[in-house]
1. Name the residue that is most open to solvent (accessible area, probe 1.4 Å), counting only residues in region 226-237 that are under 18 Å from the mean Cα position of the chain (by Cα) and without any contact (Cβ under 8 Å) to a residue 60 or more places away in the chain.
2. Among all residue pairs at least 6 apart or on different chains, which show Cβ distances below 6 Å where the first residue, located in region 177-200, is within 18 Å of G158 (Cβ to Cβ) and the second is surrounded by 13 or more Cβ atoms within 10 Å (Cβ to Cβ) and not aliphatic (A, V, I, L, M)?
3. Just give me the residues in region 182-213 being open to solvent by 60 Å² or more (accessible area, probe 1.4 Å) and polar (S, T, N, Q), in sequence order.
4. For region 77-109, how many residues meet the condition of being within 23 Å of F179 (Cα to Cα) and either open to solvent by 20 Å² or more (accessible area, probe 1.4 Å) or not β-branched (V, I, T) (or both)?
5. Looking at region 147-168, which of its residues are over 11 Å from the mean Cα position of the chain (by Cα), at pLDDT 80 or above and not β-branched (V, I, T)?
6. What pairs can you find where one residue is in region 90-101 and farther than 15 Å from F249 by Cα, the other is open to solvent by less than 40 Å² (accessible area, probe 1.4 Å), and their Cβ atoms are less than 9 Å apart, with a gap of 6+ or different chains?
7. Right, F189: of a type outside the set (D, E, K, R) and either under 15 Å from the mean Cα position of the chain (by Cα) or in a helix (DSSP H, G or I) (or both) or not?
Amino acid sequence: MTNLRGLWQLTWLEVKIFLREPLGAIGTIVVPVLAFVLIGRVSAGRSVPPSFTLSGLFGAGGIPVLVSMLITIGAVLSLVTIISIYREGGILKRLRATPLRPYTILTAHVLVKLLLTALTMTLMVLAGRRYFAIGPEVPLFSFAVALMIATLSILSIGFIVASIVPTARFAQPIGALIFYPMIGLSGLFVPIASLPPALRVVARVLPLNYAASLLQGIWRGDSWSAHMGDVAALAVVFVVCVAISARVFRWE
């Protein structure tokens with residue numbers, strides 16, 4: 001009970017600390033929503049030729065999925081940066097000396113990122129209703145659950161990056177070099193089947209491939225049973241990355 005109370009108190013504290021930095025809040029919450037609205041305004045009502053290279057992006061759920069993945073990666077980069085800053089400043093070491101257990105401290109950071117992802121996703125849907133046909137046929141609740149699953153899986157990779165990154169100064173650039181190229185191999189821009197053989201192999205082991213497949217499928221109304229392979233792959237990534245980060249994570 002004490003750990004649960006401490007978890008919520010620490011989570012609330014981290015939320016307040018995050019919101020005290022206006023630029024961080026704007027970049028994490030406002031910018032993705034504006035990008036979604038801007039892309040929606042540009043592409044609204046335009047037909048996409050079958051041969052168009054980015055037809056996957058402008059197909060069913062393509063743009064909402066892309067923006068959702070950008071939201072997730074933004075949350076992961078923020079997590080990597082904050083953990084690095086806390087380690088470099090000795091904050092992690094002091095937190096570990098408190099009665100809170102290590103997993104409670106790390107869970108609080110994950111909860112903050114999940115809450116911010118949910119908030120940004122909600123604002124994106126509300127703002128995008130004007131530019132996309134988001135009707136009752138779109139299972140928004142199921143899409144939100146799918147996004148949380150994808151976010152948890154990708155956040156687990158962020159913990160590994162946060163464990164090995166040398167200083168806070170390099171945290172975000174290194175994280176960006178790792179995560180943003182994954183979007184290009186997720187199948188949103190170019191079908192994975194049309195990639196060169198070597199890149200196809202790489203794409204098949206990247207979690208964003210399965211995250212994009214799951215999010216696109218749920219957005220267009222597919223059943224969960226049709227994407228259990230995607231869910232299983234994301235779960236495997238989560239379990240493996242948590243196990244690795246538990247061994248290599250440095251508190252100081």
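1. V236
2. S186/N209
3. The answer is S194, and nothing else.
4. Step one: of region 77-109, the residues within 23 Å of F179 (Cα to Cα) are 77-88, 106-109.
Filter once more, keeping what is either open to solvent by 20 Å² or more (accessible area, probe 1.4 Å) or not β-branched (V, I, T) (or both): 77-79, 81-82, 84-88, 106-109.
Counting residues in region 77-109 that are within 23 Å of F179 (Cα to Cα) and either open to solvent by 20 Å² or more (accessible area, probe 1.4 Å) or not β-branched (V, I, T) (or both) gives 14.
5. Narrowing region 147-168 to residues over 11 Å from the mean Cα position of the chain (by Cα): 159-168.
Checking which are at pLDDT 80 or above leaves us with 159-165.
Matches in region 147-168: F159, A162, S163.
6. Close Cβ pairs (under 9 Å, with a partner that is open to solvent by less than 40 Å² (accessible area, probe 1.4 Å)) amount to T98/G6; T98/I105; P99/G6; L100/G6; L100/L7; L100/L10; L100/A108.
7. On the way: of a type outside the set (D, E, K, R): yes; either under 15 Å from the mean Cα position of the chain (by Cα) or in a helix (DSSP H, G or I) (or both): no.
It is false that F189 is of a type outside the set (D, E, K, R) and either under 15 Å from the mean Cα position of the chain (by Cα) or in a helix (DSSP H, G or I) (or both).
Condition check ((1) modelled with pLDDT of 85 or more; (2) open to solvent by less than 30 Å² (accessible area, probe 1.4 Å); (3) small (G, A, S)) across all residues:
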position	(1), (2), (3)
F170	no, no, no
Y180	no, no, no
L215	yes, yes, no
I218	yes, yes, no
W224	yes, no, no
V239	yes, no, no
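The values are calculated or read from the model by the stated rules, or taken from the named source; none is laboratory data. These figures come from a predicted structure and were not determined experimentally. Note that we place each Cβ from the backbone using ideal geometry, even for glycine, and neighbour counts take in every protein chain shown. When the accessible area is computed, the model is the full protein with side chains, heavy atoms only, and any ligands, DNA or RNA have been set aside. Shrake-Rupley method; radii C 1.70, N 1.55, O 1.52, S 1.80 Å.
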